[in-house]
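Encoded as structure tokens, the structure appears first; notes follow it.
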């Protein structure tokens, strides 16, 4: 398994998928940017490219990741937390060696990404 989803994250993702008016996959990956060089990308997608993507099922959720992102995100845990201000996903990536102060970007020992403005 490339990523792990907590029970709370799985429940929230399933709720969000039911709200979609179409069949979708949960896509997780990284993109360049942010002060530290890499940012996480979470969302829903309808298409999979068998050459570029890996699909696996995590807690009953069809998850898709780009094969090139696996070395950066492997072992990552996604959680969903509720508080008085609302709720949101948290990401714990054991490969991230540095995160910016605002928490929206990171870098790993092997991949610095393309730092930009925060």
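Summary table below
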| quantity | calculated |
| --- | --- |
| The range 86-118, subset modelled with pLDDT of 80 or more and assigned to a loop (DSSP other than H, G, I, E, B), residue surrounded by the most Cβ atoms within 10 Å (Cβ to Cβ) | 93 |
| Residue tally, condition surrounded by 12 or more Cβ atoms within 10 Å (Cβ to Cβ) and outside any strand (DSSP E or B), over the range 41-51 | 1 |
| Failed item, numbered, when residue 79 is tested on (1) in contact with a helix residue (DSSP H, G or I) (Cβ under 7 Å, 6 or more places away or on another chain); (2) modelled with pLDDT under 95 | (2) |
| Within the range 61-85, tally of residues that are assigned to a strand (DSSP E or B) and under 17 Å from residue 44 (Cα atoms) | 9 |
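The values are calculated or read from the model by the stated rules, or taken from the named source; none is laboratory data. Quick caveat, the model's predicted, so the values are computed rather than measured. For neighbour counting, all protein chains shown are included, and Cβ atoms are generated from backbone atoms with ideal geometry for every residue, glycine included.
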